Amino acid sequence: MIWDQIHKPNFFLVGAAKSGTTSMSSWLSQHPDVYVSPIKEPNFFSTDIDPNRFRKSYRSTLHQDQEAIDGKGRQVAFIRDEELYAELFRPNAGTLAAGDCSTSYLFSKDAAQNIHNFNPEAKIIMLLRNPVERAFSHYTMAVQMGLEKGDFHSAFKRDRKRIDKGWGISELYYELGEYAKQYKRFASIFNPNQIKVVLFDDWQRQPKETQESICKFLNVSIFAGPENEALNQGVNPKFPFIHRMLMKSGIKDFAKGVLPEKWFTFFKQGQYKAEKSVLASEDRKMLRALYKDEILELQQLIKRDLSNWLK
């Protein structure tokens, strides 16, 4: 059997995209009792997401199957071969906890059941961020990657109205923040003591306490580690049109591969503005209205006060 000599993953970080999963998986990977897949997001259990339908610009950011095992650098793949998926966990020497940190699992309609079929004792860590902030952070990332143009308001409305939409096909700015329905998919299958919801605000503002609670949930030793890093943050290009051309043409990736690190850093600094983009007050008001019912339902489901998400 494939998993006879391999420590099967027993926890899954299914946090929403742009909610701190990169930072959390980085911390978990440093824990002496925890093993994390070297490809942060193998997305193996999101079987309803078809990589063949991904737009070219998104596909170019991913590892392909064997690349995910042999290559380094990119943190996302869509592995469909179970033997290749198992190879990601072969180096694990038998730690107490082994994890897969794929953000698509929260959005996927199949992932919760697939994970349960694979390991019914698995623990689920669900990292959630204010959906208003998540949507805007997602937009700034899309701009940075050359996948989006125009202002946030136009991009959001255009994406939501798309007929052909899905993971890797459209951005799903709104849909990825529908946490209540996503939570219910897992809660209907896993026992309550197998699911831990972590709020992004707690992860940022109370890192030590939050880390300790996660360690207890995973039954591993308490490990605070270094202060939480803000990884994978969006930035604001100085010249959006030129930036999109650089990203789409592959020139930026080529430059990263051939230029000395200090030269590439200088090149990057010249591309981006020092100040961060800010969500316009009218757009914030629009998003709060759209997510209000979703937030109120989630609040009841997870028994947490989320009123600050509506302020």
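Computed from the coordinates by the stated procedures, all read-outs in this text should not be read as laboratory data. Because the structure is predicted, anything quoted here is derived from the model rather than measured. Here the Cβ positions follow ideal geometry from the backbone for every residue, glycine too, while neighbour counts run over all protein chains shown.
Summing Lys and Arg as +1 and Asp and Glu as -1 over all other residues whose Cβ lies under 13 Å from the Cβ of Gly94 gives a net charge of +1. The listed peptides 209-220, 103-114, ordered by packing as a protection proxy, come out as 103-114, 209-220 (highest mean of other Cβ atoms within 10 Å first). On the principal axes of its alpha-carbon atoms, the stretch 131-218 has extents of 44, 30, 18 Å, going from largest to smallest.
Of Tyr183, Tyr174, the sequence from fewest to most neighbouring Cβ atoms within 10 angstrom is Tyr174, Tyr183.
Taking the DSSP bridge list for the stretch 1-154 and keeping only pairs wholly inside it, about 0 percent are antiparallel. Across the stretch 23-36, computed HN-Hα scalar couplings (Karplus, 6.51 cos²θ - 1.76 cosθ + 1.60, θ = phi - 60°) run 5, 5, 5, 5, 5, 4, 5, 8, 6, x, 9, 10, 10, 10 Hz from first to last residue, x flagging Gly and Pro. Sorting the segments 27-39, 278-290 by their mean number of nearby beta carbons within 10 angstrom, highest to lowest, gives 27-39, 278-290. Evaluated with a Cβ-only charge set (Lys, Arg +1; Asp, Glu -1), the stretch 92-234 carries a dipole of roughly 500 debye about its Cα centre, given to the nearest 20.
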